[in-house]
Amino acid sequence: MNSLNTYLIISAILFSLGLLGILQRRNLIGMLISVELLLNSANLNFMAFNRFLAPDPAVGQIIALFVMGLAAAEAAIGLSIILALFRQMHSINIERAQQLKG
Amino acid sequence: MENSSLNILSQMAFWVTVGFTIAGAIIAVFPRSILYNVLGLALALSGIAGFYLFLGSFFIAMMQLLIYVGAICIAIVFAIMLSRPLHLEVPQRAIPKVALGAAASAVFLVAVVSMVLKTDWLPSTERAVGPLPWSIETIGHMLLTRYELVFEVISLVLLVAIIGAVVTAGFSRRFTS
């Protein structure tokens, strides 16, 4: 149970689920949710490597905290962009946000 | 005897956490209703907080619950409430595109898992033996001494994000209405 490989495989499964979500959803909020899954699987990797391999005892936890802060910032900006886009287009389907397409 | 039953119990708890996390991730990705997606995301993030507990870091687990489950999921729910008719337009995806996406992520999964299984992971030689200093005191001390730049940069990033979110959401209202 408590081996490095278990955690790495779980985080790979989570990452590929998030990747699939980004590739196949066309709803902006759904894509944001998938991005959160990707960030979390990367965080899990950092924590597992820190627990089992790293020389420095706390650096993985500090990176995990940093990624959490970045994810909070990304969610705030992304949601405000979604609100602005919804006011413009009355839709959050990204295939309709193509005004800049030539 | 006591010890081994405790061990079995903790193993069962671990695999239950694995099941919850992966089920939450599947719910977060596949259903078409966006509210189910958010609830699945909250389930998966709570499961990951459980993994952090298994890895021995109580502080990061609490931060995960506070920041992700408590803040980001709630913010997403608010965005769903503000942009209301999500169920009106459910775009059907073309099957080839979905198949290509599934193939790409399956290739990624197979590549990463086979790499993980093939590699012989060795701990670093400078790694301190004995119980790891995973306490909140260590993290706080390192955040304020050796990794202070991280602390300052994340404060700046959060400030910029707050201002940017206010400006983006506020200006768009002024322009359109």
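Table for the structure above
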item	result
Sum of -39500 (n - 2.57) over DSSP H runs of 4+, divided by residues of chain B (222 nm, nearest 500)	-24500 deg cm²/dmol
Binned Cα-Cα distances of the stretch B:1-87, short to long, each 5 Å bin given as a whole percent	3, 15, 18, 20, 16, 11, 8, 5, 3, 1, 1, 0
Evaluated over the stretch B:135-177, the Cα radius of gyration and Dmax, each in Å	16.9, 52
Dipole of the protein assembly as shown, positive end: most advanced residue of B:147, A:89, B:27 [Cβ charges, Cα centre]	A:89
Fluctuation leader among B:148, B:137, B:126 - chain B, Gaussian network, Cα springs under 10 angstrom	B:126
Net charge contributed by nearby residues that have their C-beta within less than 15 Å of residue B:145 (K/R +1, D/E -1)	-3
Value of Rg to Rh for the stretch A:4-96 (Rh from inverse mean 1/r over Cα pairs, i.e. Kirkwood)	1.10
Chain B: angle of helix B:148-176 to the longest principal axis, Cα-based, in degrees nearest 10	10 degrees
Relative exposure of B:98, B:69, judged by other C-beta atoms within 10 Å (fewest first)	B:98, B:69
Lys, Arg +1 and Asp, Glu -1 on Cβ, resulting dipole of the protein assembly as shown about Cα centre, debye, nearest 20	1180 debye
Between 0 and 90°, nearest 10: helix B:34-54 axis offset from chain B longest Cα axis	20 degrees
Label-point separation in nm, residue B:120 to residue B:62, each point 7 Å along Cα→Cβ	4.2 nm
Unit charges on C-beta of K, R, D, E only; dipole of chain B, Debye	800 debye
Reciprocal of mean inverse Cα separation for chain B (Kirkwood radius, Å)	20.8 Å
Projected area, mean over directions - the protein assembly as shown, Cα convex hull, nm²	17.6 nm²
Burial ordering of A:47, B:81, A:89, fewest other beta-carbon atoms within 10 Å first	B:81, A:89, A:47
In nm, spacing of pseudo-spin labels at residue B:107 and residue B:93 (7 Å Cα→C-beta vector)	1.6 nm
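FYI, it's all coordinate maths here, none of it is from the lab. Not measured: the values here are computed from a predicted model. Neighbour counts run over all protein chains shown; Cβ positions are idealised from the backbone, glycine included.
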